[in-house]
Amino acid sequence: MEFASTIFIYTFCLFLSYHFLVKILKPIVVNNNNDDDEENPKLPPGKMGWPYLGETLQLYSQHDPNLFFATRKKSYGDVFKTSILGCPCVMLASPDAARFVLVTAAHLFKPTYPKTKEMLIGKSALFFHQGDYHSRLKKLVHASLSPHRRLRHLTPRIQSLALSSLHSLVASSAVVSTFHELKKYSFDVAVLAVFGEVVDGRCKRELSRNYGIVEKGYNSFPNRIPGTAYHGAVSARKRLGEIVREIIIITRDRRNKEKKSSSSVEKEGLLGQLLDFKDGEGGTLTDEEIADNIIGVVFAARDTTASVLTWVLKFLADDHNLLQAVKAEQIAIYEANEGGGECLTWGQIRNMPLTYRVIMESLRMASIISFTFREAVADVEYKGYLIPKGWKVMPLFRNIHHSPEFFPDPQKFDPSRFEVPPRPNTFMPFGNGSHACPGNELAKLEVLIFLHHLLTNFRWEVAGKANGVQYSPFPVPLEGLPARFWKEPLSSSTPLKHSCNPF
């Protein structure tokens, strides 16, 4: 992996750059001593690096950015301090420490993001909040993505989107970027879950185009000079807000003309739930608040799910025996459905044990969400260490997922690990606590459905032998896993369908 090109580090440093600029305006004293001193006797072990820069140069110099954290964990243990661009941080690399920050003492640590990124998502998005507002919205999002209610209803439509995506993949025999193509599928599923059936093709294309521009500028240097990626992202975010507010107005007008029913709310997806939202005093959400939350949910769902699915295809392509075993599981279901003549049922999707374990191991190996950010709102003591108020705190999910203590031979892809549940708090691919990803069941559902149809009616071949990781902004195989896809139905007597409607 070419380190200079990794957005992982760039994102990290942009996140902290604001604090660096604040600190250079006033004198600071940085303690390079690994031992606790009289003034801060309980600070975790670790080095704070050079004045102003901290350990930024060491972070940049690593070929693999995850080595920066791994080497310090080895030297100092599961809790250690560092400083990046003048911002003091405490890193947590144990399951108990991660649970302490994200669950047990979550009220002492607030979500923290740079304002430049909040601007591109929306300040009212639930990711940036805690307390009553966050709690009520989180429950609402969970309800709209409930496996046994909402997702069951969406299953036939997601199958149609998977089939449509696969037919698009094979339309050209050329090598394609798997990740780039799968983002289109995950975006379509996200739009379906969020807007239901209220968005037409033209509107969806405009949403997709502007999301692409926001994504390109999300991890760029945050300046507003015309022509820069960030300036373009800000403009595209403004247009996204306008599009979503137009959809809100159209939906609300239609509601006024028609008698609202439970079925109409189902057709409106998460949007319908947000329109019906009421707080404890009967207050409703403003159109801007609804738009911020919708834009945030779609943004979060688009790249993460496509990244997971891309890794699954890579790991299966790397292991022929495993690929054949997973394929056999899917063929048995395919044949039970009269050779693909019938759609997948909800029960069948929930009973794909080997395929499911492959997805879980892919999530562990790739660790799409490598860490999360929090900020101490008060002085906090953990296992004899002081976490001062205002310090950044980072639970390191990837380091936990790749620890031989919890996952023997952690660099080996081995789905059999998940034949038994992992130890509590050692596997957190979707985070933990009240800010854990509310769309994790939707993500797993769309991956399972896509894999079923891919393995029973299509084939793929990875182009080239290059290995490595790039960050876009989430980790994906190098160059997005270049591959070629083609049709290869199990049965020539059953025509491939472009849609799936069991009704």
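The values are calculated or read from the model by the stated rules, or taken from the named source; none is laboratory data. Please read these numbers as outputs of a predicted model, since none were measured by experiment. Please note: Cβ atoms are built from the backbone with ideal geometry, for glycine as well, and neighbour counts cover all protein chains shown.
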Checklist outcome for this item: All-but-one check, S173 against (1) polar (S, T, N, Q); (2) surrounded by fewer than 19 Cβ atoms within 10 Å (Cβ to Cβ); (3) in contact with a Cys (Cβ under 6 Å, 6 or more places away or on another chain), failing number (3)
Next on the checklist: Out of everything in region 430-466 that is of a type in the set (V, I, T) and assigned to a helix (DSSP H, G or I), what residue ends up being farthest from Y185 (Cα to Cα)?
Outcome noted: T456
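Among the residues of region 395-418, count how many are closer than 24 Å to R374 by Cβ and either touching a residue at least 12 places away in the same chain (Cβ under 8 Å) or touching a Cys at 6+ places or on another chain (Cβ under 6 Å) (or both).
Let us first name the residues in region 395-418 that are closer than 24 Å to R374 by Cβ, namely 395-403, 405-406.
Now narrow it down to the ones that are either touching a residue at least 12 places away in the same chain (Cβ under 8 Å) or touching a Cys at 6+ places or on another chain (Cβ under 6 Å) (or both): 395-403, 406.
Looking only at that region, the number is 10.
Looking for whichever is surrounded by 17 or more Cβ atoms within 10 Å (Cβ to Cβ), more than 22 Å from P477 (Cα to Cα), assigned by TED's automatic domain parsing to the domain that holds R350 and in contact with a Ser or Thr (Cβ under 8 Å, 6 or more places away or on another chain) here; the options are L163, L140. Which one fits? Lay out the reasoning, then the answer.
On the way: L140 fails: in contact with a Ser or Thr (Cβ under 8 Å, 6 or more places away or on another chain).
After applying the criteria, what remains is L163.
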Item to check | Output for region 213-222, where each listed residue is out of contact with any Ser or Thr (no Cβ under 9 Å at 6 or more places or on another chain) and either surrounded by fewer than 13 Cβ atoms within 10 Å (Cβ to Cβ) or free of Cβ contacts under 8 Å to residues at least 24 places away in the same chain (or both) | outcome: K216
Checklist entry - Do we have any residue at all in region 395-406 that's in contact with a Lys or Arg (Cβ under 8 Å, 6 or more places away or on another chain) and farther than 28 Å from G480 by Cα? => result yes
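S124: in a loop (DSSP other than H, G, I, E, B) and buried (at least 19 other Cβ atoms within 10 Å of the Cβ), yes or no?
On the way: in a loop (DSSP other than H, G, I, E, B): yes; buried (at least 19 other Cβ atoms within 10 Å of the Cβ): yes.
In short, yes.
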Checklist entry - When the residues of region 28-54 are filtered to those that are within 15 Å of K73 (Cα to Cα) and surrounded by fewer than 20 Cβ atoms within 10 Å (Cβ to Cβ), which remaining residue is modelled with the lowest pLDDT? => result N34
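In region 422-468, what residues are among the polar types (S, T, N, Q) and closer than 18 Å to A366 by Cβ?
Scanning region 422-468 gives T426, N432, N440, N467.
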Checklist entry - Among the residues of region 204-222, which ones are of a type in the set (G, A, S) and part of a loop (DSSP other than H, G, I, E, B)? => result S220
Checklist entry - Does at least one position in region 261-278 carry a residue that is assigned to a helix (DSSP H, G or I), without any contact (Cβ under 8 Å) to a residue 40 or more places away in the chain and either closer than 28 Å to T355 by Cα or basic (K, R) (or both)? => result no
Checklist entry - Which condition breaks for V447 when tested against (1) in the same structural domain as L92 (by TED's automatic domain parsing); (2) among the β-branched types (V, I, T); (3) modelled with pLDDT of 95 or more? => result (1)
Next on the checklist: I'd like the full set of residues that are hydrophobic (A, V, I, L, M, F, W, C) and more than 27 Å from L53 (Cβ to Cβ), limited to region 69-112.
Outcome noted: A98, F100, L102, V103, A105, A106, L108
Item to check | Residues within region 55-97 that are among the polar types (S, T, N, Q) and either under 18 Å from T372 (Cα atoms) or at pLDDT 85 or above (or both), tallied | outcome: 6
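Taking the criterion of being under 30 Å from D319 (Cα atoms), of a type in the set (G, A, S) and not in a loop (DSSP other than H, G, I, E, B), would at least one residue in region 395-412 satisfy it? Write out each step before concluding.
Residues of region 395-412 under 30 Å from D319 (Cα atoms): 396-412.
Subsequent filtering for residues that are of a type in the set (G, A, S) retains 403.
Of the ones still in play, those that are also not in a loop (DSSP other than H, G, I, E, B) are none.
So far as region 395-412 goes, no, none of its residues is under 30 Å from D319 (Cα atoms), of a type in the set (G, A, S) and not in a loop (DSSP other than H, G, I, E, B).
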Next on the checklist: Of all residues being under 21 Å from the mean Cα position of the chain (by Cα) and among the polar types (S, T, N, Q) in region 414-428, which is nearest to A325 (Cα to Cα)? Just the residue, please.
Outcome noted: T426
Next on the checklist: Going by what's in this entry, would A162 be described as of a type in the set (G, A, S), closer than 18 Å to F430 by Cα and at pLDDT 85 or above?
Outcome noted: no
Checklist entry - Quick one: how many residues across region 365-384 are touching a residue at least 12 places away in the same chain (Cβ under 8 Å), over 23 Å from F430 (Cβ atoms) and surrounded by fewer than 20 Cβ atoms within 10 Å (Cβ to Cβ)? => result 6
Checklist outcome for this item: The one condition S362 fails out of (1) in contact (Cβ under 8 Å) with a residue 12 or more places away in the chain; (2) over 19 Å from the mean Cα position of the chain (by Cα) is (2)
Checklist outcome for this item: Listed by first then second residue, the pairs whose first member lies in region 172-200 and is at positive phi, whose partner is surrounded by fewer than 21 Cβ atoms within 10 Å (Cβ to Cβ), with beta carbons under 6 Å and at least 6 positions apart or on separate chains, are G196/K267
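When region 337-387 is examined, which residues are found to be of a type in the set (D, E, K, R) and part of a loop (DSSP other than H, G, I, E, B)?
Of the residues in region 337-387, the ones of a type in the set (D, E, K, R) are 338, 342, 350, 357, 361, 364, 374-375, 379, 381, 383.
Passing the criteria: E338, E342, R350, D379, K383.
On the basis of being surrounded by 18 or more Cβ atoms within 10 Å (Cβ to Cβ), assigned by TED's automatic domain parsing to the domain that holds N219, in contact with an Asp or Glu (Cβ under 8 Å, 6 or more places away or on another chain) and not in a loop (DSSP other than H, G, I, E, B), does L151 make the cut? Reasoning before the result, please.
Details: surrounded by 18 or more Cβ atoms within 10 Å (Cβ to Cβ): yes; assigned by TED's automatic domain parsing to the domain that holds N219: yes; in contact with an Asp or Glu (Cβ under 8 Å, 6 or more places away or on another chain): yes; not in a loop (DSSP other than H, G, I, E, B): yes.
In short, yes.
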Next on the checklist: Under 9 Å between Cβ atoms, which residue pairs at least 6 apart in sequence (or on different chains) link something in region 223-239 that is without any contact (Cβ under 8 Å) to a residue 40 or more places away in the chain and outside any loop (DSSP other than H, G, I, E, B) with a partner that is surrounded by fewer than 16 Cβ atoms within 10 Å (Cβ to Cβ) and aliphatic (A, V, I, L, M)?
Outcome noted: H231/I225
